[in-house]
Amino acid sequence: MSNPRPDDLATLLVSCPDTRGIVAALAQLLYGHGANILDADQHTDAAAGQFFQRIRFDVAQIHTDRTTLERAIGEVAARFSMRWRLAWAARPKRVAIFVSRYDHCLYDLLLRHRAGELACDVALIVSNHPDLAPVAAQFGVPYEVFAISRENKAEQEKREMERIEALGVDLVVLARYMQVLSGDFVARYPGRIINIHHSFLPAFMGGKPYHQAHERGVKLIGATAHYATTDLDEGPIIDQDVARCSHRDSIDDLVRKGRDLEKVVLARAVRWHLDDRILVYGNKTVVFD
């Protein structure tokens with residue numbers, strides 16, 4: 001069989017109470033409409049009694065139209081009390097990247113996007129400072145500054161949300177954006193804001209975590225990517241990684257290792273989201289690799 005065209009690919013993500021017959025029902029539905037399942041992965045959380053599945057399939061030879069297929073999926077979902085999401089590969093997700101003055105995560109995401117590693121359209125870069133405008137210009141991405149102060153925060157966030165919605169943005173990436181988003185902003189985009197931070201929290205809170213880590217003589221440093229929620233830095237974790245360090249490492253060494261981790265962990269989390277590999281339940285995630 002020839003390789004499927006990207007325009008014919010779809011990914012179905014489902015979660016529901018665990019019961020018998022779910023896998024068979026979905027497989028029979030897709031087969032009955034002429035879809036070809038390319039890969040499927042599933043997970044059951046026995047403690048929570050929840051079932052999760054990701055199915056990637058080809059619709060090049062479906063017997064019906066896509067609207068009819070989606071309606072049929074909805075009918076099966078209703079029978080099993082499913083939450084479900086169907087993503088078509090022909091429509092790349094649109095991404096807005098929020099930054100402040102740190103450029104390492106921004107550069108990494110834009111380079112990966114240019115290399116074809118991130119299947120999306122970078123619609124906009126938002127910042128509270130003008131410093132990184134030359135980076136955006138280098139990659140041909142619009143860059144807009146929304147200076148934030150205590151007095152204007154609500155108004156500026158309203159303007160940011162208006163721009164996000166006008167551009168049809170699907171995902172907001174906080175690439176070391178050094179502002180705390182309001183509860184209204186976060187609640188408006190559940191499961192659609194990814195943040196990266198050093199995993200020293202809560203032990204090393206504040207503006208200089210690597211200095212604090214150096215003073216404590218830590219042997220591991222790390223980074224965590226998670227979905228933003230109204231509970232600061234406590235949203236569902238997508239990915240984490242660590243690097244070893246020793247008494248020989250200076251503060252600069254820790255900063256360098258930490259930034260490397262932040263880039264890699266954030267990029268993985270963004271890629272998995274764009275590839276529709278993540279299901280959120282409670283304050284946890286299932287990430288299908």
Point to revise | Count of residues meeting criterion [assigned to a loop (DSSP other than H, G, I, E, B) and aliphatic (A, V, I, L, M)] in segment 229-239 | key: 1
Check your understanding: Which one is nearest to Val172 (Cα to Cα) among residues in segment 244-289 that are touching a strand residue (DSSP E or B) at 6+ places or on another chain (Cβ under 6 Å) and among the small types (Gly, Ala, Ser)?
Key -> Ala269
**Study point:** Sole residue being in contact with a helix residue (DSSP H, G or I) (Cβ under 8 Å, 6 or more places away or on another chain) and among the charged types (D, E, K, R), chosen from Asp252, Asp260, Asp239
**Key:** Asp239
Check your understanding: So, in segment 55-75, of the ones that are surrounded by fewer than 17 Cβ atoms within 10 Å (Cβ to Cβ) and of a type in the set (A, V, I, L, M, F, W, C), which residue ends up nearest to Leu111 (Cα to Cα)?
Key -> Ala60
Practice item. Take Ala89 and decide whether it is touching a Leu at 6+ places or on another chain (Cβ under 8 Å) and small (Gly, Ala, Ser). Key: yes
Check your understanding: With (1) surrounded by fewer than 19 Cβ atoms within 10 Å (Cβ to Cβ); (2) not in a strand (DSSP E or B) as the list, and Val242 as the residue in question, which single condition is left unmet?
Key -> (2)
**Study point:** Subset of segment 181-196 (residues that are without any contact (Cβ under 8 Å) to a residue 40 or more places away in the chain and not in a loop (DSSP other than H, G, I, E, B))
**Key:** Asp184, Phe185, Arg188, Ile193
**Study point:** Cross-chain or 6+ apart pairs with Cβ under 7 Å, segment 67-96 first and within 17 Å of Ala10 (Cα to Cα) and without any contact (Cβ under 8 Å) to a residue 40 or more places away in the chain, then of a type in the set (Phe, Trp, Tyr) and open to solvent by less than 30 Å² (accessible area, probe 1.4 Å)
**Key:** none
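Each row is one residue, and each column tells you yes or no for (1) over 24 Å from Val141 (Cα atoms); (2) in a strand (DSSP E or B); (3) under 19 Å from the mean Cα position of the chain (by Cα); (4) of a type outside the set (Val, Ile, Thr).
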site: Val173; (1), (2), (3), (4): no, yes, yes, no
site: Gln179; (1), (2), (3), (4): no, no, yes, yes
site: Met205; (1), (2), (3), (4): yes, no, no, yes
site: Tyr210; (1), (2), (3), (4): yes, no, no, yes
site: Glu215; (1), (2), (3), (4): yes, no, no, yes
Review point. Is it the case that Val255 is outside any loop (DSSP other than H, G, I, E, B), among the β-branched types (Val, Ile, Thr) and open to solvent by 10 Å² or more (accessible area, probe 1.4 Å)?
Key: yes
Study note, to complete from the structure: For segment 146-171, the count of residues that are among the acidic types (Asp, Glu), open to solvent by 20 Å² or more (accessible area, probe 1.4 Å) and assigned to a helix (DSSP H, G or I) equals 3
Revision key, fill the gap. Over segment 258-273, the set of residues modelled with pLDDT of 95 or more and buried (at least 20 other Cβ atoms within 10 Å of the Cβ) is Leu261, Glu262, Lys263, Val265, Leu266, Ala267, Ala269, Val270, His273
Review point. Considering segment 26-54 alone, what residues qualify as being open to solvent by 70 Å² or more (accessible area, probe 1.4 Å) and in contact with a Phe, Trp or Tyr (Cβ under 6 Å, 6 or more places away or on another chain)?
Key: His43
Practice item. Only one of these is more than 28 Å from Asn3 (Cβ to Cβ) and part of a helix (DSSP H, G or I): Arg71, Arg20. Name it. Key: Arg71
Exercise for review: Go through the residues of segment 89-104 one by one and say whether even a single one is open to solvent by 60 Å² or more (accessible area, probe 1.4 Å), in a helix (DSSP H, G or I) and either at negative phi or touching a strand residue (DSSP E or B) at 6+ places or on another chain (Cβ under 7 Å) (or both).
Suggested key: no
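The values are calculated or read from the model by the stated rules, or taken from the named source; none is laboratory data. Owing to the predicted nature of the structure, the values given are computational and were not obtained by experimental measurement. Using ideal geometry, Cβ is built from the backbone for each residue, glycine included, and neighbour counts are taken over all protein chains shown. These accessible areas exclude ligands, DNA and RNA; they are computed on the full protein's heavy atoms, side chains included. Shrake-Rupley method; radii C 1.70, N 1.55, O 1.52, S 1.80 Å.
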